[in-house]
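Novice: The structure is given below, and queries will be raised subsequently.
The values are calculated or read from the model by the stated rules, or taken from the named source; none is laboratory data. Note that the structure is a prediction, hence the values are computed from the model and not measured. Glycine also receives a Cβ, built like all others from the backbone with ideal geometry; neighbour counts cover every protein chain displayed. Just the protein is used for accessible areas: all its heavy atoms, side chains included, with ligands, DNA and RNA removed. Shrake-Rupley method; radii C 1.70, N 1.55, O 1.52, S 1.80 Å.
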Amino acid sequence: MSERILIEGNEAVALALKLIDPDVVAAYPITPATEVVQKFAEYVADGEVVTEFVAVESEHSAMSACIGASTAGGRVMTATSSQGLGLMWEMLYIAASLRRPITMAVANRALSGNINIHCDHSDTMGARDAGWIHLFSENTQEIFDNMIQAVRIAEHPDVRLPVMVCYDGFVISHAREVIESLSKEEVQSFVGKHKASLSLLDLEPKTVGPLDLQDYYFEHKRSQAEAYKAVPGVIEAVGQEFGKAFGRSYAQVEEYNMDGAEVALVALGSTNGTIKDVVDGMNESGKKVGLLKIRAFRPFPAELVRASLSKVKAVGVFDRSMTFGGWGNPLFTEIRSAMYGTSGNGCCCGPCIPILDRVYGLGGREISMAEIEQYADEVLAVAKGEQVELIDYIGVR
Amino acid sequence: MASLKELSTKQEGLVGGHRLCAGCGAPIAVRQILLASEYPVVVSSATGCLEVATTIFPYTSWDVPFVHSAFENTAATVSGIEACYRSFVRQGKTDKKIKFIAFGGDGGTYDIGLQALSGALERGHDFLYVCYDNGAYMNTGIQRSSATPRGAATTTTPAGTAVPGKQQHRKNLTEICAAHGIAYAAQSTAGRWQDLTKKAAKAIEVDGPAFLNVLAPCPRGWRYPTPDLLSICKLAHDTCYWPLYEIEDGKYTISYKPKEKLPIEDFLKPQGRFRHLMAPGNEGLIAQLQADVDSEWERLLRLAGE
Ligand SMILES: Cc1ncc(C[n+]2csc(CCOP(=O)(O)OP(=O)(O)O)c2C)c(N)n1
Ligand code: SF4
Ligand SMILES: [Mg+2]
């Protein structure tokens, strides 16, 4: 039975974990994801879950234990943030390469140095090439829903890949919002029983994680790359099925007021909520601004992005992390790559749409509605032929 | 304890065809330990000679369920496997009795894997951790570890004209593990099958974490002829360089006391890694090594009440 409850983002993650009731959770505390671990430990202490909770001594061990438990045939989940995700780096690649369907909640937080506990996307962007599926969440409802869908996506027989559910540290992790919760029965019937593709506990001799040299490694990477082709369809199908069951559908991207829009803004995470308000206001005053919210950052939904953004005259990307020394930042480079040179001969075969990049909100710096509107105005001006900085910042001294 | 004849009829967990060097101590230790188990086992291994030489895709020498993921985390990996097993038992998803064994080299255990090992011991998972100690990072070309004996030449502590090999005493990992309050910690050797089989069986039987530190000579890194494994082990025990002992619930027992304790030179001389110590002027280093061994041995005898 759906129930409206007032809940903090981290509690919503812990609640989803409780309702999914996985076989093993191995996790280590770090701000701003700590409450996930704490709250879940309460469920364990009160006997509300069957989960074996492994309170490991580091995030490296958390991911190692998750890989072990998943290889043993269990449904496995964890949560972390920032430095914790950084410490897992080596194991993130291994989890994906071993095709372990682990679900991990990541409260997005800046990376040291200097140390900062607040939101930006540097942590998960640093892990974007590790082979995980990345789902971003706009608000508390979405983290809750994404956690539940992530299990289905990860464990789908055509996918068998780990998923990180990203949500903005503090902005969502510590904000109280009213969400529609679900009952244990509803969640259990949606996620279904875990059907492990592999279990060390069946005692059949098998070797997982061998030495893989010049003669096979490349084929294994190639076959891993093939697996990502199935993911978009599964994300869409699971999002639809979730909608049918509970009334909230999900896709890889979400268009907001894009019909007839002259320019589009593109963003990840909670900023989308603020942008929606700005877009509403600007639309009312006759400015044709739309929003393309990216929910699935990995695999990157290039075709959907292209279909959506080809309709506008200019695009403004919001990047909440940087690629130091690169040309443009993570979301921008993905969008540009999706938009240009899309045919086999490298030609973009279409109108060359200007795409701007603005880095904002590093280390938890707030972005105001006024700043968003100013950027949107700039994009509108570019659509009319004005020249501005291509890659720049918002809200930094 | 099973007789050698009985053991010879048991199915091996690690079979032939692997690419470890001729005369390597590691596979001998692993085979003996797997044979000692009364229960089906699941094995996890750290990166190192043992893992890379037994799992070259598409071949494997492991005839048991086996997983490797990285270098420093085999204790954490086995924690996860064991946790999943516990969860399955609680949920009635399995009723098999299964035991879990993690193997790591000295590098993967004394050094980079110490944190994961300590965490797993403290959490009390039901598993046996086996360190096969060959006293250096052999897989990457004989670099020093904190298990490398004082004086040994390695590729990161070469015997130079100013610095003659490794300057530091080796870490006492067995007692570090025992200090976690685990029920069973012991030192054994690839060179004495009875000692190893007996200790492995005991360690596997323990309900909770157990630790075995097994001397596993490396002819390549120690620079001695490959057929000499047993004699090198014997010298390690007879000089008391590698004492064989057990710590059961804190109680020390010496497993082997040489009739005549040999001078440390007898262990050093056959090994190329100590050749430079025999040059005139390095007597002091040998004396220091002898003093290390003597004080360790006397301390052990005291702790064992002997
Ligand atoms: C994080 C990490 N650092 C370094 C290495 C390189 N490396 C692989 S095996 C190894 C040494 C293994 O030494 P040890 O554990 O003693 O096992 P041995 O090879 O001697 O049997 C090293 C340094 C690695 N694989 N991973
Ligand atoms: S280098 Fe040493 S430890 Fe490695 S396989 Fe050869 S003998 Fe064994
Ligand atoms: Mg070694």
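Novice: Does B:Arg223 satisfy the condition of being among the basic types (Lys, Arg) and within 18 Å of the chain's Cα centre (by Cα)?
Specialist: no
Novice: Something else now. Could you check the range B:102-121 and list, in sequence order, the residues that are within 13 Å of chain A (Cβ to nearest Cβ) and small (Gly, Ala, Ser)? Break it down stepwise before answering.
Specialist: Within the range B:102-121, the subset within 13 Å of chain A (Cβ to nearest Cβ) is B:102, B:104, B:108, B:112-121.
If the condition is that a residue be within 13 Å of chain A (Cβ to nearest Cβ) and small (Gly, Ala, Ser), then B:Ala102, B:Gly104, B:Gly108, B:Gly113, B:Ala116, B:Ser118, B:Gly119, B:Ala120 are the ones that fit.
Novice: Could you check the range B:20-65 and list, in sequence order, the residues that are part of a helix (DSSP H, G or I) and away from ligand 2 (no atom under 13 Å from the Cβ)?
Specialist: Scanning the range B:20-65 gives B:Arg31, B:Gln32, B:Ile33, B:Leu34, B:Leu35, B:Ala36.
Novice: Consider the range B:28-43. How many of its residues are buried (at least 24 other Cβ atoms within 10 Å of the Cβ) and at the interface with chain A (Cβ under 7 Å from one of its Cβ atoms)?
Specialist: Total satisfying the criteria: 1.
Results for (1) under 20 Å from B:Ala116 (Cβ atoms); (2) of a type in the set (A, V, I, L, M, F, W, C), shown as yes or no for each residue.
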site: B:Ile28; (1), (2): no, yes
site: B:Gln32; (1), (2): no, no
site: B:Ala36; (1), (2): no, yes
site: B:Ser44; (1), (2): yes, no
site: B:Asp63; (1), (2): no, no
site: B:Val67; (1), (2): yes, yes
site: B:Ala75; (1), (2): yes, yes
site: B:Phe88; (1), (2): no, yes
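Novice: Has the range A:202-211 got at least one residue that is in contact with a Gly (Cβ under 9 Å, 6 or more places away or on another chain) and within 14 Å of another protein chain (Cβ to nearest Cβ)?
Specialist: From the range A:202-211, those in contact with a Gly (Cβ under 9 Å, 6 or more places away or on another chain) are A:202, A:205; that's our starting set.
Now restrict to residues that are within 14 Å of another protein chain (Cβ to nearest Cβ): A:202, A:205.
Looking for residues that are in contact with a Gly (Cβ under 9 Å, 6 or more places away or on another chain) and within 14 Å of another protein chain (Cβ to nearest Cβ), one finds at least one in the range A:202-211, hence yes.
Novice: Restricting to the range A:138-157, and then to whatever is part of a loop (DSSP other than H, G, I, E, B) and out of contact with any Gly (no Cβ under 7 Å at 6 or more places or on another chain), can you tell me which residue is least open to solvent (accessible area, probe 1.4 Å)?
Specialist: Only one residue tops the list, namely A:His156.
Novice: Could you tell me whether any residue of the range B:79-90 is within 16 Å of ligand 2 (Cβ to nearest atom) and either of a type outside the set (Phe, Trp, Tyr) or at the interface with another protein chain (Cβ under 7 Å from one of its Cβ atoms) (or both)?
Specialist: Checked against the condition, which is being within 16 Å of ligand 2 (Cβ to nearest atom) and either of a type outside the set (Phe, Trp, Tyr) or at the interface with another protein chain (Cβ under 7 Å from one of its Cβ atoms) (or both), the range B:79-90 yields no hits at all.
Novice: Now for a separate question. Among the residues of the range A:208-225, are any open to solvent by less than 50 Å² (accessible area, probe 1.4 Å), in contact with a Lys or Arg (Cβ under 9 Å, 6 or more places away or on another chain) and under 23 Å from A:Pro330 (Cα atoms)?
Specialist: So far as the range A:208-225 goes, yes, one or more of its residues are open to solvent by less than 50 Å² (accessible area, probe 1.4 Å), in contact with a Lys or Arg (Cβ under 9 Å, 6 or more places away or on another chain) and under 23 Å from A:Pro330 (Cα atoms).
Novice: Out of the residues in the range B:191-242 that are open to solvent by 10 Å² or more (accessible area, probe 1.4 Å), part of a loop (DSSP other than H, G, I, E, B) and of a type outside the set (D, E, K, R), which is farthest from ligand 3 (Cβ to nearest atom)?
Specialist: By that ranking, first place goes to B:Val206.
Novice: Among the residues of the range A:1-43 satisfying the criterion of being of a type in the set (A, V, I, L, M) and open to solvent by 50 Å² or more (accessible area, probe 1.4 Å), which is farthest from A:Phe246 (Cα to Cα)?
Specialist: Applying the first criterion (of a type in the set (A, V, I, L, M)) to the range A:1-43 yields A:1, A:5-7, A:12-17, A:19-20, A:24-27, A:30, A:33, A:36-37, A:41.
Going one step further and asking which of them are open to solvent by 50 Å² or more (accessible area, probe 1.4 Å), we end up with A:1, A:6.
Numbers: A:Met1: 10, A:Leu6: 18 Å.
Checking each candidate, the answer is A:Leu6.
Novice: Within the range A:115-137, how many residues are under 16 Å from A:His174 (Cβ atoms) and open to solvent by 10 Å² or more (accessible area, probe 1.4 Å)?
Specialist: 3
Novice: Limited to the range B:126-152, what total is found for residues that are away from ligand 2 (no atom under 15 Å from the Cβ), buried (at least 21 other Cβ atoms within 10 Å of the Cβ) and assigned to a loop (DSSP other than H, G, I, E, B)?
Specialist: 3
Novice: I would also like to ask the following. Out of all the residues in the range B:62-94, which are farther than 15 Å from B:Phe127 by Cα and β-branched (Val, Ile, Thr)?
Specialist: Across the range B:62-94, the qualifying residues are B:Val64, B:Val89, B:Thr94.
Novice: Suppose we filter B:Pro280, B:Pro270, B:Pro263 for residues that are open to solvent by 50 Å² or more (accessible area, probe 1.4 Å), under 20 Å from B:His169 (Cβ atoms) and not in a helix (DSSP H, G or I); which single one remains?
Specialist: Among B:Pro280, B:Pro270, B:Pro263, only B:Pro263 is open to solvent by 50 Å² or more (accessible area, probe 1.4 Å), under 20 Å from B:His169 (Cβ atoms) and not in a helix (DSSP H, G or I).
To keep it simple, each residue is scored yes or no on (1) within 16 Å of A:Val36 (Cβ to Cβ); (2) out of contact with any Cys (no Cβ under 7 Å at 6 or more places or on another chain); (3) within 14 Å of chain B (Cβ to nearest Cβ).
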{"residue": "A:Ser58", "(1), (2), (3)": "no, yes, yes"}
{"residue": "A:Ser61", "(1), (2), (3)": "no, yes, yes"}
{"residue": "A:Gly68", "(1), (2), (3)": "no, yes, yes"}
{"residue": "A:Ser81", "(1), (2), (3)": "yes, yes, no"}
{"residue": "A:Gly86", "(1), (2), (3)": "no, yes, no"}
{"residue": "A:Ala105", "(1), (2), (3)": "yes, yes, no"}
{"residue": "A:Ala127", "(1), (2), (3)": "no, yes, no"}
{"residue": "A:Ala130", "(1), (2), (3)": "no, yes, yes"}
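Novice: Okay, moving on. Within the range B:155-172, restricting attention to residues that are buried (at least 22 other Cβ atoms within 10 Å of the Cβ) and within 16 Å of ligand 3 (Cβ to nearest atom), which residue is nearest to B:Phe211 (Cα to Cα)? Talk me through it step by step, then tell me what you get.
Specialist: Let us first name the residues in the range B:155-172 that are buried (at least 22 other Cβ atoms within 10 Å of the Cβ), namely B:157, B:165-166.
The next check asks that each one be within 16 Å of ligand 3 (Cβ to nearest atom); those that pass are B:157, B:166.
Numbers: B:Thr157: 28, B:Lys166: 26 Å.
Selected residue: B:Lys166.
Novice: So which residues in the range A:88-103 are facing chain B (nearest Cβ under 10 Å), among the hydrophobic types (A, V, I, L, M, F, W, C) and surrounded by fewer than 24 Cβ atoms within 10 Å (Cβ to Cβ)?
Specialist: A:Ile94, A:Leu98 - these are the residues of the range A:88-103 that are facing chain B (nearest Cβ under 10 Å), among the hydrophobic types (A, V, I, L, M, F, W, C) and surrounded by fewer than 24 Cβ atoms within 10 Å (Cβ to Cβ).
Novice: Give all pairs with beta carbons closer than 6 Å in which a residue from the range A:231-243 that is in the same structural domain as A:Gln149 (by TED's automatic domain parsing) meets a residue that is of a type in the set (Val, Ile, Thr) and part of a helix (DSSP H, G or I); count only pairs at least 6 apart in sequence or on separate chains.
Specialist: Pairs found: A:Val234/A:Ile153; A:Ile235/A:Ile153; A:Val238/A:Ile153.
Novice: Do we find a residue being among the aliphatic types (A, V, I, L, M), more than 7 Å from chain A (Cβ to nearest Cβ) and under 20 Å from the mean Cα position of the chain (by Cα) anywhere in the range B:54-73?
Specialist: No: zero hits.
Novice: Related question: When you check B:Arg123 against the structure, is it at pLDDT 95 or above, open to solvent by 10 Å² or more (accessible area, probe 1.4 Å) and within 16 Å of ligand 3 (Cβ to nearest atom), yes or no?
Specialist: So B:Arg123 does not fit the description; no.
Novice: Would you kindly identify the strands (runs of 3 or more DSSP E) lying entirely within the range A:259-299 that contain at least 2 residues that are free of Cβ contacts under 8 Å to residues at least 40 places away in the same chain and not assigned by TED's automatic domain parsing to the domain that holds A:Ala96?
Specialist: So the answer is A:289-294.
Novice: Restricting attention to the range A:212-228, and to residues there that are under 20 Å from the mean Cα position of the chain (by Cα) and touching a residue at least 60 places away in the same chain (Cβ under 8 Å), which single residue is farthest from the other protein chains (Cβ to nearest Cβ)?
Specialist: Step by step, filter the range A:212-228, then rank; the result is A:Tyr228.
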